[in-house]
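A.B. asks: Take this structure first; my questions come after.
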Amino acid sequence: MKNTFWFKSLRLWVEGLLLLSLRWGQLKSGFDPVTGLSRQNLPGTLLAVLIVLLAVAEAVLCFRLPGGKRTYLNCLAPFGQRCLPFLVAGSFLVAVGAVLLSGGGALAIAAAVTGAATTVGLLLFAACVRRGSTPRAFQLLPAMLFSVLFLLAIYLPEECNPVLASYYPAVLAASLIACSFYQLSGLTLREGKLRWFVFFGDLAVPLCLAVLLDGDGGLGRPAVFLGCALVLTVFLQLRRDEVLPEPEPEEGEDGPREGTAQAAQE
């Protein structure tokens, strides 16, 4: 399977723009203007069908990747000059969008704080990798926390909404963002799986683009979704064409035990 620029990133944005056009058609004519209830709508039906088809296609493609737990440096290449500006732009969009999220209370404050921390963490992570140092999980911890809080900020206002079609794409996109950052963070600890990161990331990017017109008219949600799409695209683009072999276990685990057993026999 060739991991070209088209395959790893550009096709995801083409898929996202297609989903966005279908979502726009659904929002325009798929809901009753008086009651807000969903009604039969071709773009809405095609949107749901296409999301399912994309999930099936990504599952088939991603399960061709090596299985098992992997390390970050063995799966992803260092940041290049071309990727870094997109990472910076996406990180700042996440921070700005987190601050502009509608609503109040502790959840909104926590989302704003962790959103700003996400930007700092991602930039520190990129600088660490560019220096050749071992990436640290704590630098991605703010992104993990923010993705969960962002999901709650989207879902909780809609939990009593009977019109599933009005909010399920945004909830699904936020869920995929959270799963993607979880798997990415796991790679720094050799606890993540490359195929699951690619699966969630490849679905998160087009879904984030599909819901740019969703929300209450504010700029918070679209900025966060666009920022996350840029950040995840950068990491997906850095995936190595050939995964490097994982390091062998340290001798401290098996070596001393064998030596001790031989000494005991003597």
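The values are calculated or read from the model by the stated rules, or taken from the named source; none is laboratory data. Keep in mind the model is a prediction, meaning the values are calculated, not measured. Here the Cβ is made from the backbone with ideal geometry for all residues, glycine too, and neighbour counts use every protein chain on show. Accessible surface areas use protein heavy atoms only, side chains included; no ligands, DNA or RNA. Shrake-Rupley method; radii C 1.70, N 1.55, O 1.52, S 1.80 Å.
A.B. asks: Could you go through region 118-127 and let me know if any residue there is touching a residue at least 24 places away in the same chain (Cβ under 8 Å), under 30 Å from Y168 (Cα atoms) and open to solvent by 30 Å² or more (accessible area, probe 1.4 Å). Full working, then the answer.
C.D. replies: Step one: filter region 118-127 for residues touching a residue at least 24 places away in the same chain (Cβ under 8 Å), giving 118-119, 122-123, 126.
Add one more test, that the residue is under 30 Å from Y168 (Cα atoms), and what stays is 118-119, 122.
When the remaining residues are screened for being open to solvent by 30 Å² or more (accessible area, probe 1.4 Å), the result is none.
The answer is no; no qualifying residue exists.
A.B. asks: Find all pairs meeting these conditions: Cβ atoms under 8 angstrom apart; at least six residues apart or on different chains; first residue within region 178-207 and without any contact (Cβ under 8 Å) to a residue 12 or more places away in the chain; second residue crowded, with 24+ Cβ neighbours inside 10 Å and in a helix (DSSP H, G or I).
C.D. replies: none
A.B. asks: Is it true that some residue in region 41-58 is of a type in the set (A, V, I, L, M) and within 18 Å of Q183 (Cα to Cα)? Before you say what the answer is, go through the steps one by one.
C.D. replies: As a first pass, look at region 41-58 and keep what is of a type in the set (A, V, I, L, M): 42, 46-57.
Then drop every residue that is not within 18 Å of Q183 (Cα to Cα), which leaves 55.
Checked region 41-58: at least one residue is of a type in the set (A, V, I, L, M) and within 18 Å of Q183 (Cα to Cα).
A.B. asks: From the list W13, W24, which residue is among the aromatic types (F, W, Y) and open to solvent by 80 Å² or more (accessible area, probe 1.4 Å)?
C.D. replies: Values: W13 fails: open to solvent by 80 Å² or more (accessible area, probe 1.4 Å).
So the residue among W13, W24 that is among the aromatic types (F, W, Y) and open to solvent by 80 Å² or more (accessible area, probe 1.4 Å) is W24.
A.B. asks: Here's a follow-up. Please give the number of the condition L101 fails out of (1) more than 15 Å from Q139 (Cα to Cα); (2) under 17 Å from the mean Cα position of the chain (by Cα); (3) buried (at least 21 other Cβ atoms within 10 Å of the Cβ).
C.D. replies: (2)
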